[in-house]
Amino acid sequence: MSIEIVSVNKQFGSFTALNDVNLTVPSGELTALLGPSGSGKTTLLRIIAGLEIPDGGAIRFDGEETTDRHVRERQVGFVFQHYALFRHMTVEENVAFGLTVKPRKERPSKKEIRERVHELLRLVQLEGLADRYPTQLSGGQRQRVALARALAVEPKVLLLDEPFGALDAKVRVELRRWLRRLHDEIHVTSVFVTHDQEEALEVADRIVVMNKGRIEQVGTPAEVYDQPANPFVFDFLGSVNLFHCRAEQGQARAAAPELSVGYVRSHDIEVERRQSEDAVEAEVRHIQAVGPAVRVELLVRGTGKTVEAELSRDGADRLALDVGETVYARPRKMQRFVGDYQI
Amino acid sequence: MATRPITRNTVIPGFTPTLGYTVFYLSLIVLLPLSALVVKTASLTWGEFFATVTAPRVVASYKVTFGAALAAAGVNALFGLLVAWVLVRYRLPGKRFIDALVDFPFALPTAVAGITLSSVYAANGWLGQYLEPRGIKVAFTPVGIFVAMTFIGLPFVVRTVQPVLEELEQEVEEAAACLGANRWQTFRRVLLPELLPALLTGFALAFARGVGEYGSIIFIAGNMPMVSEITPLLIITKLEQYDYAGATAIATVMLLFSFLMLLTVNLLQKWSRRHAA
Amino acid sequence: MSSSAPSPSRTRTEPAPVRWALIITALLFLGLFLFVPLAAVFAQAFEKGWDAYLAAIREPDALAAVKLTLITAAISVPVNLIFGVVAAWAIAKFEFRGKQLLITLIDLPFSVSPVISGLIYVLLFGLQGWLGPWLQAHDIKIIFAVPGIVLATVFVTFPFVARELIPLMEAQGKDEEEAAITLGASGFQTFWRVTIPNIKWGLLYGVILCNARAMGEFGAVSVVSGHIRGSTNTIPLHVEILYNEYNYVAAFAVASLLALLALVTLVVKSFVEWRMRELS
């Protein structure tokens with residue numbers, strides 16, 4: 001089912017949480033709402049769910065007006081940030097809850113509910129834990145119970161609020177890959193909120209970058225990463241180095257010489273020993289090996305500004321840099337924005 | 001949280017009926033009857049009101065009531081802190097039992113506390129028989145009022161200080177020790193300031209409770225006008241003489257005092273919350 | 001938390017003599033003000049033996065007092081229980097202006113002297129009160145009768161359940177309720193199947209304390225009761241009458257029932273506190 005959001009506004013007291021937001025989530029896709037805290041992404045998710053009512057605008061599910069429909073009737077599955085598992089119920093009772101509160105006519109038989117619950121627990125790989133209480137589970141297990149509970153009512157839309165936010169780093173990575181595989185299996189239209197760009201880039205089909213209640217850019221992970229629409233998106237999705245464009249820098253020369261700023265990712269900076277046309281002269285200040293990469297902090301001569309280059313281990317070994325020596329930094333790929341727009 | 005959403009339009013049902021019922025029931029049971037007191041007082045002229053609440057017998061009752069309550073709250077602040085400290089910090093057998101028993105004065109009906117204390121401190125009572133020969137008369141004197149107020153106020157300080165003491169971070173004390181402070185200095189300069197808001201809150205609660213207390217006191221006080229007659233008893237005496245206006249005037253003074261204490265406690269708690277954050 | 005003392009690290013404890021002095025002082029204080037009165041109630045009650053004790057309790061006026069006390073508690077506790085749950089729902093699950101004031105007003109009966117709690121009902125319903133003439137004309141007796149006793153008790157026990165539930169439900173937030181509603185539960189299903197199981201211990205705690213106060217209230221009830229033997233006397237008032245008649249054994253025998261109630265209250269309270277700690 002597709003979701004259409006048309007000029008939605010939301011105000012909390014004097015705080016504008018959403019400012020004229022328009023978005024279409026295509027059917028069957030896994031979409032990430034990505035942004036810093038306070039960007040309005042969770043509010044947007046709660047409005048889609050019907051947990052929050054917009055001050056203005058409309059929500060449509062498959063073209064059908066849904067704005068005034070109660071959460072109960074929207075058939076959404078919502079996975080809460082802190083899971084919101086019912087702590088006095090076992091895993092099985094938690095997952096079965098949505099089925100047992102159905103009106104008697106629609107409610108499946110006890111046996112059917114049991115089968116459905118166990119099928120779901122199999123899907124989320126928690127079969128042996130049906131009789132446990134939430135407090136007896138690890139964070140990752142709770143998350144999967146919350147997911148199974150949301151899926152039990154066969155939602156048309158699955159909404160997840162910071163689904164991996166409360167987990168430690170290793171479990172996070174495992175669980176998000178698992179979620180990706182699960183989505184490929186069940187193909188329900190899904191939207192999740194995250195502030196972690198890596199998570200969004202790895203899991204989502206489509207990323208919606210949000211900031212201060214507005215949508216900055218919508219696109220595939222490759223699009224938002226490689227062709228960011230503005231400095232905010234560039235900055236939020238990865239490392240940034242600012243090259244103040246000067247006359248000697250190739251590309252920049254033709255445009256606005258002194259005023260504009262070039263944005264370069266750390267791994268797009270080439271460090272060379274020989275001067276070339278587009279390179280700037282810099283001094284090596286600090287060398288730090290980080291996992292498979294080596295980070296080199298460079299002080300650009302004459303500007304007092306530092307840039308950080310990320311080299312491969314091999315590349316760094318070949319250069320054999322020393323702190324204090326002079327090198328030349330050349331941006332392989334640079335983006336410039338005038339106002340908020342990319343050139 | 002910097003931006004606390006005002007979610008009036010939440011999906012959770014029942015806001016209007018529950019808030020409506022709350023306000024209705026509160027008005028019916030608490031606010032309306034209390035306003036009867038204010039209206040009745042308003043029927044007195046200023047002169048009448050002033051003359052009633054400053055009559056010598058009434059003023060004497062204030063002195064006894066507030067004086068004894070202040071002393072009892074002071075003793076409770078000191079010993080309550082000590083009891084809380086011992087219960088939180090030390091291992092001793094039967095601690096769970098002692099801890100539970102601290103609430104005994106809360107749970108024991110005041111009339112029972114009153115007759116028990118007065119029999120214990122009477123001349124032939126368990127404690128009175130040792131105190132009276134030494135010239136310490138407790139029962140039927142203002143000292144008895146103080147004893148009863150100490151009993152009923154005992155749990156307040158312990159129960160406000162105890163949780164704060166439990167939550168204190170170990171690191172703070174260790175840091176003080178590392179910086180060369182001895183135990184007493186650590187207590188005086190590091191722990192006591194942390195405990196102060198809770199201690200004052202407990203003191204204020206015990207004080208307010210003592211001032212309003214009736215049941216546990218009248219049996220042990222002797223109730224001699226000008227000497228050991230507490231203000232709440234004076235209200236009842238006036239009521240029994242069908243002096244409704246007089247009773248109401250004195251009750252208004254006590255009610256104002258209660259509001260003042262309520263405000264103080266609220267401010268203290270706000271302060272201690274800021275302290276904790 | 002309070003059950004397991006922190007292992008005494010050297011920087012966090014005092015030298016042994018100081019420690020012992022503090023413990024002994026604390027125990028002496030508690031002994032003087034807690035254990036002595038507690039023991040005295042029962043010692044006095046049984047001073048003349050079992051037979052005198054039972055006779056005092058079986059006496060018709062005493063039984064009438066017990067009956068009235070039970071009736072009073074049976075009305076005021078459920079009434080304040082319902083109020084407590086409703087008020088806590090409104091306050092904990094929603095944001096609105098004046099919430100802090102509302103909480104303070106709910107707590108108000110705690111800070112009012114019991115004597116005043118009785119007085120206000122006399123001013124409302126007494127012969128010289130607002131509604132007095134009207135009530136007399138219609139032959140309805142509230143003051144110096146059972147309704148007055150119930151009203152005064154409802155007033156003094158008003159905050160117990162609400163003040164227990166408000167912080168508990170505020171701490172629990174509304175995630176679970178929202179989750180239940182997204183899963184299709186109705187308001188009542190959410191309340192009965194999600195909220196109530198989560199607050200049941202807090203509820204029990206509030207009810208226990210509310211009940212203890214309802215059965216033991218003296219000052220407020222004393223003002224409105226009129227002290228009519230066998231008819232408008234609750235247990236505490238009956239104790240007072242017996243005591244003033246110098247019938248000490250009977251007074252303490254009846255009083256020991258209330259002391260027993262206090263002890264049972266403490267036991268249940270400790271148990272509930274232990275359960276709540278286990279759960280969190």
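The values are calculated or read from the model by the stated rules, or taken from the named source; none is laboratory data. The shown structure was predicted, so the numbers you read here are calculated from the model rather than taken from an experiment. Every residue, glycine as well, gets a Cβ built from its backbone with ideal geometry; the counts of neighbours run over all protein chains shown. Just so you know, the surface numbers come from the protein's heavy atoms only, side chains and all, with ligands and any DNA or RNA stripped out. Shrake-Rupley method; radii C 1.70, N 1.55, O 1.52, S 1.80 Å.
Output the residue which, of all residues in segment C:135-151 that are part of a loop (DSSP other than H, G, I, E, B) and touching a residue at least 12 places away in the same chain (Cβ under 8 Å), is surrounded by the most Cβ atoms within 10 Å (Cβ to Cβ). Can you show your working first?
We begin by selecting, within segment C:135-151, every residue part of a loop (DSSP other than H, G, I, E, B); these are C:138-145.
In the following step, the residues that additionally are touching a residue at least 12 places away in the same chain (Cβ under 8 Å) were identified as C:142-145.
Details: C:I142: 21, C:I143: 25, C:F144: 18, C:A145: 17.
Taking the candidates together, the pick is C:I143.
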Open item on the list: Could you tell me how many of the residues in segment B:100-112 are more than 7 Å from chain C (Cβ to nearest Cβ) and either under 15 Å from C:L32 (Cα atoms) or surrounded by 24 or more Cβ atoms within 10 Å (Cβ to Cβ) (or both)?
Closed with: 2
Open item on the list: Looking at segment C:25-58 only, could you name the residues that are farther than 30 Å from B:L92 by Cα and surrounded by fewer than 17 Cβ atoms within 10 Å (Cβ to Cβ)?
Closed with: C:F46, C:E47, C:K48, C:G49, C:W50, C:D51, C:A52, C:L54, C:A55, C:I57, C:R58
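Examine segment B:27-39 for a residue that is more than 9 Å from every other protein chain (Cβ to nearest Cβ) and either free of Cβ contacts under 8 Å to residues at least 60 places away in the same chain or touching a Phe, Trp or Tyr at 6+ places or on another chain (Cβ under 9 Å) (or both), and state whether such a residue exists. Give the steps one after another, and end with the answer.
Looking only at segment B:27-39, we keep the residues that are more than 9 Å from every other protein chain (Cβ to nearest Cβ), and these are B:27-28, B:38.
With either free of Cβ contacts under 8 Å to residues at least 60 places away in the same chain or touching a Phe, Trp or Tyr at 6+ places or on another chain (Cβ under 9 Å) (or both) added as a condition, the list becomes B:27-28.
Yes: segment B:27-39 contains one or more residues that are more than 9 Å from every other protein chain (Cβ to nearest Cβ) and either free of Cβ contacts under 8 Å to residues at least 60 places away in the same chain or touching a Phe, Trp or Tyr at 6+ places or on another chain (Cβ under 9 Å) (or both).
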- [ ] For B:L44, state whether it is of a type outside the set (D, E) and more than 8 Å from chain C (Cβ to nearest Cβ).
- [x] yes
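Among A:H82, A:H88, which is the only one that is within 15 Å of C:D175 (Cβ to Cβ) and in contact with a Pro (Cβ under 9 Å, 6 or more places away or on another chain)? Steps first, answer last, please.
On the way: A:H82 fails: in contact with a Pro (Cβ under 9 Å, 6 or more places away or on another chain).
Unique residue meeting the criteria: A:H88.
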Open item on the list: Taking the conditions exactly as written (more than 9 Å from chain C (Cβ to nearest Cβ), surrounded by 19 or more Cβ atoms within 10 Å (Cβ to Cβ), within 15 Å of C:I181 (Cα to Cα) and modelled with pLDDT of 90 or more), does A:A96 satisfy them or not?
Closed with: yes
Open item on the list: Out of the helices (runs of 4 or more DSSP H) lying entirely within segment C:212-280, which hold 2 or more residues that are closer than 30 Å to C:D51 by Cβ and touching a residue at least 60 places away in the same chain (Cβ under 8 Å)?
Closed with: C:235-244, C:248-279
TODO: Inspect segment B:131-144 for any residue being β-branched (V, I, T), modelled with pLDDT of 90 or more and open to solvent by less than 10 Å² (accessible area, probe 1.4 Å) and give the result as yes or no.
DONE: no
Open item on the list: Quick test of your reading of the structure: B:R159 fulfils all but one of (1) within 12 Å of chain C (Cβ to nearest Cβ); (2) over 15 Å from B:G114 (Cα atoms); (3) surrounded by 24 or more Cβ atoms within 10 Å (Cβ to Cβ). Name the failing condition by number.
Closed with: (3)
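Each row is one residue, and each column tells you yes or no for (1) of a type in the set (A, V, I, L, M); (2) facing chain B (nearest Cβ under 9 Å); (3) open to solvent by 10 Å² or more (accessible area, probe 1.4 Å); (4) within 15 Å of the chain's Cα centre (by Cα).
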site: C:V77; (1), (2), (3), (4): yes, no, yes, yes
site: C:A87; (1), (2), (3), (4): yes, yes, no, no
site: C:K93; (1), (2), (3), (4): no, yes, no, no
site: C:L105; (1), (2), (3), (4): yes, yes, yes, no
site: C:I116; (1), (2), (3), (4): yes, yes, no, no
site: C:L119; (1), (2), (3), (4): yes, yes, no, no
site: C:P133; (1), (2), (3), (4): no, no, yes, no
site: C:F158; (1), (2), (3), (4): no, yes, no, yes
Open item on the list: Condition check: closer than 19 Å to B:F24 by Cα, facing chain B (nearest Cβ under 9 Å) and in contact with a Ser or Thr (Cβ under 6 Å, 6 or more places away or on another chain). Does C:V154 satisfy that?
Closed with: yes
Task: Segments classed as helices (runs of 4 or more DSSP H), wholly inside segment B:178-277, with at least 2 members that are surrounded by fewer than 24 Cβ atoms within 10 Å (Cβ to Cβ), hydroxyl-bearing (S, T, Y) and at pLDDT 85 or above - done: B:244-276
TODO: Would you check if A:R69 is of a type in the set (K, R), within 14 Å of chain B (Cβ to nearest Cβ) and in contact (Cβ under 8 Å) with a residue 12 or more places away in the chain?
DONE: yes
